[in-house]
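The structure appears below as structure tokens.
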Amino acid sequence: MIASTSAMAAHAREHGYAVPAVNVLDDISLRAVVAAAVEASAPLIVQISVKTVKQLGTELTTTTFRLAAQDAPIPVALHLDHCPDRAVISDVVAAGWSSVLFDASDRDLADAERETCEVVAQAHAAGVDVESEIENIVGVEDGVGSDVALHAYSVEQLADIAKRTGVDLLAPQLGTAHGQYKARPVLLPDRVRRLAELVDIPIVLHGGTGLTAEDFHAFIAAGVSKINISTAVKMAYMKAAADHLDVARAKDKWDPPTMFRQIQGAVTEAIATHIEWFGATGHAAGALAAGVGR
Ligand code: 13P
């Protein structure tokens, strides 16, 4: 069933787990992550990067998602990941996606606040949730972002702006980064705790790939209720493809559907592990009963 991102995250917060928010690239990875969530009876947020939606087109992305999610026995939301581009936001809001991440971390504070208010008004009029990012989470994800921390604010500032803009989810800098870690990151679960005392909206952890089960548990205990995973999908996808191609080359046998199945299995396995780490297993029925559908 197609679901609300903020309602699922609120259910997760109340029940001490985090909803897996997984970036997909095509129908193979989409079906792989839905299969992992169905197998675990877990709620799921499917995320699409700006690069992917531009590549596939909004209509094909939306239709492919609907076909994969609408009859699934779990709640599934469709979320636009990191988007600084207002035209893409308008496009997916009109297409009825569950939520968008308006990434205003490249703007100065006054512009970030003003534009976030505009996006919230537009999205809410269409029943679409808004995740907000005004501090930049380090690392470049599908062409969006920066390796340098450009804007950083106090938790009090973040909480005040979240209240003034009326956003539904908040993505602060928590010591994590997108992509593979080159060194062990300094994680900031205390920052989540302090923010959760000041605002009553779900807090989102970005840069999930490479963290341990213990790291996730610490963040969830502090109040995180949506965790983003992208690089783990890309790694599982490409390594399965590479393994398949090694064998295909050696045997001189070329059968794309066999490779697609291998990729799908590898992505499902990678996400199954994260669902378990996030404590999301078995929560689909409870979330549906709590009315997270849209
Ligand atoms: P990773 O690529 O590090 O898993 O981060 C995903 C993310 O935060 C997407 O917004």
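Output the qualifying pairs, or none if there are none: Cβ atoms under 6 angstrom, residues six or more apart or on different chains, first residue in the range 180-205 and within 29 Å of residue 233 (Cα to Cα), second residue within 15 Å of the ligand (Cβ to nearest atom) and open to solvent by 40 Å² or more (accessible area, probe 1.4 Å). Hits for this filter: 180/210; 181/210. Taken over the range 154-192, the criterion of being away from the ligand (no atom under 16 Å from the Cβ) and surrounded by fewer than 16 Cβ atoms within 10 Å (Cβ to Cβ) is satisfied by 154, 156, 157, 160, 163, 164, 166, 190.
Screening 22, 33, 92 for residues that are crowded, with 24+ Cβ neighbours inside 10 Å, under 14 Å from the mean Cα position of the chain (by Cα) and in a helix (DSSP H, G or I) leaves exactly one candidate, 33. Out of 223, 279, 208, one residue alone is small (Gly, Ala, Ser), touching a helix residue (DSSP H, G or I) at 6+ places or on another chain (Cβ under 8 Å), within 16 Å of the ligand (Cβ to nearest atom) and touching a residue at least 40 places away in the same chain (Cβ under 8 Å). It is 208.
Taking the stated definitions as given, is residue 115 touching a Pro at 6+ places or on another chain (Cβ under 7 Å), open to solvent by less than 30 Å² (accessible area, probe 1.4 Å) and either part of a helix (DSSP H, G or I) or in contact (Cβ under 8 Å) with a residue 12 or more places away in the chain (or both)? Spell out the reasoning first.
Details: touching a Pro at 6+ places or on another chain (Cβ under 7 Å): no; open to solvent by less than 30 Å² (accessible area, probe 1.4 Å): yes; either part of a helix (DSSP H, G or I) or in contact (Cβ under 8 Å) with a residue 12 or more places away in the chain (or both): yes.
Considered against the rule, which asks whether it is touching a Pro at 6+ places or on another chain (Cβ under 7 Å), open to solvent by less than 30 Å² (accessible area, probe 1.4 Å) and either part of a helix (DSSP H, G or I) or in contact (Cβ under 8 Å) with a residue 12 or more places away in the chain (or both), residue 115 comes out as no.
The set of residues in the range 123-150 that are at pLDDT 95 or above, in contact with a Lys or Arg (Cβ under 9 Å, 6 or more places away or on another chain) and either surrounded by fewer than 22 Cβ atoms within 10 Å (Cβ to Cβ) or not in a loop (DSSP other than H, G, I, E, B) (or both) comprises 127, 131. Residues in the range 202-261 that are farther than 22 Å from residue 30 by Cα, open to solvent by 60 Å² or more (accessible area, probe 1.4 Å), of a type in the set (D, E, K, R) and within 26 Å of the chain's Cα centre (by Cα): 214 only. Inside the range 262-286, residues that are open to solvent by less than 60 Å² (accessible area, probe 1.4 Å) and either at positive phi or aromatic (Phe, Trp, Tyr) (or both) make up a count of 3.
Would the range 37-59 turn up any residue that is within 16 Å of the ligand (Cβ to nearest atom) and open to solvent by 30 Å² or more (accessible area, probe 1.4 Å)?
Step one: of the range 37-59, the residues within 16 Å of the ligand (Cβ to nearest atom) are 44-53.
Imposing the further condition that a residue be open to solvent by 30 Å² or more (accessible area, probe 1.4 Å) reduces the set to 51.
Yes: one or more hits.
The values are calculated or read from the model by the stated rules, or taken from the named source; none is laboratory data. What you are looking at is a predicted structure, and each value in this text was computed from that prediction instead of being measured. Backbone-built Cβ (ideal geometry, glycine too); neighbour counts: all protein chains shown. Accessible surface areas use protein heavy atoms only, side chains included; no ligands, DNA or RNA. Shrake-Rupley method; radii C 1.70, N 1.55, O 1.52, S 1.80 Å.
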